Structure formats: C-alpha cells, structure tokens
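The values are calculated or read from the model by the stated rules, or taken from the named source; none is laboratory data. Just so we're clear, the structure is a prediction, and the values are computed from it rather than from any experiment. With ideal geometry, Cβ positions are generated from the backbone for all residues, glycine too; neighbour counts draw on all protein chains shown.
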Amino acid sequence: MKRIVFPAFALVIALVAPTRNPAVSAGPPVHEVQVVAKKYTFEPATLEVTAGEAVRLVIHSDDTTHGFAIKKVKVNVVVPKGGQQVTAEFTAPPPGRYEIACSEFCGLGHHGMKAELVSVAPPGGPTSR
Ligand code: CUA
C-alpha cells in the first residue's frame, strides 16, 4: 500500500514546492532579497519586483538601529543594531515606484535615508496570474 501512496505524495511535493529552499515548503515561490541598512542608505537602493509576486525581504543593519518602511504595502519593521536579520513579507503592488524610508531615527541623515521599490508588470501582460 505504501508503494501506491508514495508516488502520489512525491508528485504533490513536486507540484507545490518548485523551490528547494526548505523554508518555503508550500505555496508559490517567493522572491527573496537581501537588504543592508547602513547610515544613511539601503543596499540595494532600488528593489525591483514583479507586480503580484510574493516578496520576502531579509534585512539587517551594518551599524545602528534603522527602520524599513514601505507605506504602500504596509511594511514597517525595526532593523536592530548588531546585525540581526529581520524579514518583511508582502505582495508586490501594482506596477509603479514606491518610496522606501527609514522609520527609526538614526542620526542626522535619517530623513534622507531612502530607497525605492520598483514594481514592474509581469511578462505576458499586466494581469496574468
Ligand atoms: Cu536609518 Cu533612520
């Protein structure tokens, strides 16, 4: 009986888990991006995503405590000093450019600590998926 069940189970896994990342064991693939916060910039300064896709940002600070906020997708996380990683997950918004801003006071350059989220239409049309 196990011989019959196993192939079906394996097929389901193959269908729902196209990624090999064990952290993503179910659901569609997630576009993961590493982000570094450092006085007074974010690296990369431009995050390009595809409208509608699931995005996971893994953010850490190279110096002091910063914040990472994208109002449009209701992301606002504290990025602690010490290099601890924090994650922020959201669905990429409709095509356009959205401001990313530091949301924790971090010094004289705080108000200028910005980056940009650029969402582009998926290939094959703006509403595919
Ligand atoms: Cu970095 Cu405020």
Might you let me know whether the stretch 80-94 holds any residue that is touching a residue at least 40 places away in the same chain (Cβ under 8 Å) and over 17 Å from Val35 (Cα atoms)?
yes
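Restricting attention to the stretch 54-100, which residues are closer than 15 Å to Glu43 by Cβ and in contact with a strand residue (DSSP E or B) (Cβ under 6 Å, 6 or more places away or on another chain)?
Step one: of the stretch 54-100, the residues closer than 15 Å to Glu43 by Cβ are 57-63, 66, 68, 79, 83, 85, 100.
Leu57, Val58, Ile59, Ser61, Asp62, Asp63, His66, Phe68, Val79, Gly83, Gln85, Ile100, listed by residue number.
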Filtering the stretch 61-78 for residues that are crowded, with 18+ Cβ neighbours inside 10 Å and either farther than 12 Å from Ala101 by Cα or of a type in the set (Ser, Thr, Tyr) (or both) leaves a count of 2
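Taking Glu32 as the residue in question, decide whether it is within 16 Å of the ligand (Cβ to nearest atom) and at pLDDT 95 or above.
no
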